[in-house]
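No value in this document is a laboratory result; all are computed from the given coordinates. Bear in mind that the values here come from a model prediction, so they are computed numbers and not experimental data. FYI the Cβ positions are ideal-geometry reconstructions off the backbone, even for glycines, and counts take in every protein chain you see.
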Amino acid sequence: MKRDLTEGNVAKSLLFFAMPMILGNMLQQFYNIADTLIVGRALGEEALAAVGSAYTLMTFLTSILIGLCMGSGAAFSYYFGKKDISRMKNSMCIAFVLIGLTAAGLNVAVLCFSGEILDLLQIPPQLLEMMQEYTDMVFLGIFFVFLYNYFAYLLRALGNSLVPLCFLGSTALLNVGLDLLFVLVCDWGIWGAALATVISQAVSGVGIALYTWVKEKELRPRREEMRFTKTAVMEITHFSVTASIQQSVMNFGILMVQGLVNSFGAVVMAAFAAGVKIDTLAYMPAQEFGNAFSLFISQNHGAGKRERVRRGMWDAVWISMLFCIVVSVAVFAGAEPLIRLFVSNPSAGIIKTGVGYLRTEGAFYCGIGILFLLYGYYRGINRPEMSLVLTVISLGTRVLLAYCLAPLPAVGVRGIWWAIPVGWLLADMTGIVCMKRAAKRSA
């Protein structure tokens, strides 16, 4: 079902378009949460720590591709809003080839250098073999991540957020079923959990590609729309590469924080692994709402509807803030039982550390909610480089503060937790000030 985001009630358009994207991303997170939950309870704390670190690494690697697809989706949405379908299909061809080649190259690179990559993460010796076993398998799914996200962002750019949800829903159930089969029944351990994820990724990626080819015949480009002109390539590169750098910088900062967490040992690693999964799932709807908001802004920017863009910004803020407040209260209050979900008979150290992490981050979800809207706004008005600047501010602050505070005996691991919301708030202030200045210049 396609939805024209340039017409109708703004708040309703945003909510109806965003809800399938939010549910879809929750299901995508469910892939890794299923691994973590089943592995943690069935195989123990060390297996949980290994899967948690591998999740952070995999998120960084796939963020490169997701960012490319996200940026190209903004270009598709812009041309769809302008009703320039021929230019949109030309951008689709260029983006598919460029991102596909990047995915293939990345897949080969990480498989060849997985050992060296793990050495950089300071993995404790007792976890190294387990993590190597997991990553050797899960890295095989990188190309399928590209396939799914390319076609998902293409369909969303046209206002169709329901079909990507349907594919993720079915494959999330498949992933859980395969996790239970491979880990609990077949006793394949951590390798079985990774295999379940790869199979599920393959089904979602290949499935949505075939659906788009068969059902969306009007998207098939003609020969003259497959030309690779310098102008067209540079344009799609500007959209996609800037968004990719933003996503990869964001997750590279998280990866650096993971390396610092690893230096505190397996107990802190396990608590962080469980906390990050809960944390990510808690604010993920705000993140995906920001992505939906970006496509809303892009369509209306392409259509030249400036007043609708301004109205969309205000409606998006109150919707996102209302959600973030509710989730903050829920996570803060339920931190301990949420941590206990991931580990069978957890030690007191894991409970204390995990609860401390969740309550620190959970108190500031409004900060990251605003940041996701700012990312979406700047991508939507064809200024993705500003989203990158905000990401550098947020992550740079987080990493710098974490590495400065964590070695202090009086602060320790709590310094890592507090560095995160400080980064969010500084980036928020920067983005809002720049937006106000731009509004004054255009007035």
Checklist entry - Peptides 335-341, 434-440: what's the order by average Cβ count within 10 Å, highest mean first? => result 335-341, 434-440
Checklist entry - In which sequence would 187, 84, 179 go, from the one with the fewest C-beta neighbours within 10 Å to the one with the most? => result 187, 84, 179
Checklist entry - For residue 210 and residue 404, what is the calculated FRET efficiency with R₀ set at 45 Å and r taken between the beta-carbons, to the nearest 0.05? => result 0.35
Checklist entry - With each pseudo-label sitting 7 Å past Cα toward Cβ, what's the residue 230-residue 306 distance in nm, one decimal? => result 3.3
Checklist entry - So how do 398-411, 298-311 stack up, highest first, on mean other-Cβ count within 10 Å? => result 298-311, 398-411
Item to check | Relative contact order of the chain, defined on C-alpha pairs under 8 angstrom at six or more residues apart (%) | outcome: 25
Checklist outcome for this item: Extend 7 Å from the Cα of residue 126 along its Cα-to-C-beta direction; within the range 267-292, residues with backbone N under 18 Å of that point are 267-274
Checklist entry - In nm, to one decimal, how far is the residue 218 label point from the residue 263 one, both placed 7 Å along Cα→Cβ? => result 5.6
Checklist entry - For the pair residue 15 and residue 166, how long in nm is the line joining their label points, each one 7 Å along Cα→Cβ? => result 2.4
Checklist entry - In what sequence do 228, 332 fall when counting other Cβ within 10 Å, fewest first? => result 228, 332
Item to check | Calculated FRET value between residue 188 and residue 441, using beta carbons and R₀ = 51 Å, to 0.05 | outcome: 0.25
Next on the checklist: How large is the direction-averaged shadow of the alpha-carbon convex hull of the range 337-422, in nm²?
Outcome noted: 6.8
Checklist outcome for this item: Taking 156, 379 and counting other beta carbon atoms within 10 angstrom, the fewest-first order is 156, 379
Item to check | Theoretical FRET efficiency, 1/(1+(r/R0)^6), r = Cβ-Cβ of residue 85 and residue 114, R0 51 Å, to 0.05 | outcome: 0.75
